[in-house]
1. Going by average Cβ neighbours within 10 Å, how do the peptides 385-397, 112-124 rank, with the highest at the top?
2. So if I take the centroid of the Cα atoms in the range 301-363 and the same for the range 147-182, what is the distance between those two points in Å?
3. Quick one: pull the percentage of alpha-carbon pairs in the chain with a separation above 43 Å.
4. Is the C-alpha gyration tensor of the range 139-209 telling us rounded, prolate or oblate? Criteria: a/c under 1.5 is rounded; beyond that, a/b larger than b/c is prolate, otherwise oblate.
5. Restricting to Cα pairs below 8 Å that are 6+ residues apart, what does the relative contact order work out to for the range 1-102? Please round to a whole percent.
6. Under a point-charge model restricted to the Cβ atoms of Lys and Arg (+1) and Asp and Glu (-1), what is the dipole moment magnitude of the range 109-197 relative to its Cα centre, in debye to the nearest 20?
7. How high is the relative contact order of the chain, in percent, counting Cα pairs under 8 Å that sit 6 or more residues apart?
8. Quick one: accessible surface of ASP154, probe radius 1.4 Å, all protein chains present, in square angstrom to the nearest 10.
Amino acid sequence: MTKPVSILVGALGGQGGGVLAEWLVEAATQAGYVAQSTSIPGVAQRTGATTYYIEVFPQPAATLGGRVPVLGLYPTPGQVDVVVASELLEAGRLLQAGFVTQQTTLLASTSRTLTTAEKMALGDGRFSSERLLDAARQHAYRLCAFDMDVLARDAGTVVSSVMLGAIAGSGVLPMPRDVYEAVVRAAGVGVEASLRGFARGFAAVADDAAADAQPSLEPRGNGQQANDISFDAFPAAARELIALGYARVVEFQDAQYGDLYLERLRRIDAAERAADQEIHDARVLRETARFLALWMAFDDIVRVAALKSRAARFTRVRQDLGAGAGDVVRIIDHFKPGIPEFAGMMPPTLAKRLVRWDQRRRARGREPLAWPLHLRTHAISGLLLLRMLVALKGVRRLGARYGDEQRGIERWLTAIERGTRDDTALGFEIALCGRLIKGYGATNERGKANLAHILEHVVGTHAHAPLDERIGAVRAAREAALADEGGKALDAELLRLGAPARPVIAQPIRFVPRRSGVARQARVH
């Protein structure tokens, strides 16, 4: 008895999963086959996840003698022939539900759209992509994994057309390629871009050349400058990360800043070579290179303005919206800079005065000063203002924020260097403490304060303790700092290690009147 070909599609909101289901049904109908589709809305964990289920009876309707096949409305675990996932974790979700078995062809994108839980983690909360791919290889009859997002962006379309090409290229459905292309042309919207995406998806699966491909790690932005620099003096295991970091800091400031990045890494490399001459795996150097690049390219108003006004951003926005050459796209960016952002660009003396003045205001119960701005970046006035801010890159080194960041970086690097010379495991744990520096505003300041406290009261205080105890103490303090945003776990761990808890930061208590207006407003400090 002939069995219908069942296809389960997992897509996020805005990726065209519904359009893909319509294309598949229309292509099967035009080719003379019976087909139907249903959709099941999912939980809005990222941008909303919807699954689409399509069944196609593989015998032409004309050969059935008037009989009509009965097609299912819902997928059955263990009975799905093709699973298509527009994002890797969606493939994992369908895998966990039992839809991927030894009879299933899995067409999955290696791109990731992080979940809310992954984004909320203070440390690296990402789920391992390699673990997902390993599970897919073990359970699927055939796995074709490639970055569908990259192919879609290159084609100037959305990922649904790439998924359609992947399904056509897999050969699981009886329709020829020209039928799929005819359906895309009949849609009449974004035809050329959709056909380009279809062709790329078809080639990736038909040739099987991109199976299990991982996202590219080529340096972005100022990659050419990184390629002009030789990194051969560094261990091979760390060169790729160092090249990426160098490109990032050069884009942030200039080539001289990139040279400072390399000079700092040479210190760590020398310390690691001296401590581990026999087995030099460069793990301390790799982690230092990673977090040093992120810290040196800190987010200030100049960097934000540069990111918002670059040409690549406008191109990406137009591609994401599917805008044509004649379409007008308006972009309005919302900013709310405050005293810390402006003070960071001022000379240290003026910055301190301005910050102290704002602190006195806040101590009296006033709200922090901030100026909400709505910039029409698509207009000349808004873009010109952003480019004026970008022009301040040349004076960034004179600002108070730049000096503060460099002093914090040097303190961390010195601790890594000294710890590595004692033992590479200790240097590695201190290097990983760079993970505490993240975000912007209060989150960034809290991370730097936590790192400084750990370096002074854990790394420094335990300098004469046994080596294993020192390594364990740094690891425990770092993991506690990443456990919760409020720092309760860190304070408890510091006390357990015999170190003082973090100093309490004074916060003004504000009493406000009831809406009836009977009580008068009062402020207590």
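The values are calculated or read from the model by the stated rules, or taken from the named source; none is laboratory data. Predicted, not measured: the structure shown is a model, and the values here were computed from it. Ideal geometry is used to build each Cβ from the backbone, glycine not excepted, and the neighbour counts take in all protein chains shown. Side chains included, ligands, DNA and RNA excluded: accessible areas come from the protein's heavy atoms. Shrake-Rupley method; radii C 1.70, N 1.55, O 1.52, S 1.80 Å.
1. Values: 385-397: 15.2, 112-124: 13.2.
Output ranking for 385-397, 112-124: 385-397, 112-124.
2. With the range 301-363 and the range 147-182 each reduced to a Cα centre, they are spaced 38 Å.
3. Numbers: 47201 of 137550 pairs.
The proportion of pairs with Cα distances above 43 Å equals 34 percent.
4. oblate
5. On the way: 181 pairs, mean separation 35.6, N = 102.
Here the relative contact order equals 35 percent.
6. Values: 10 positive and 10 negative charges, 26 e Å.
So the magnitude is around 120 debye.
7. Working: 827 pairs, mean separation 51.0, N = 525.
10 percent.
8. Using a 1.4 Å probe on the heavy atoms, I get roughly 100 Å².
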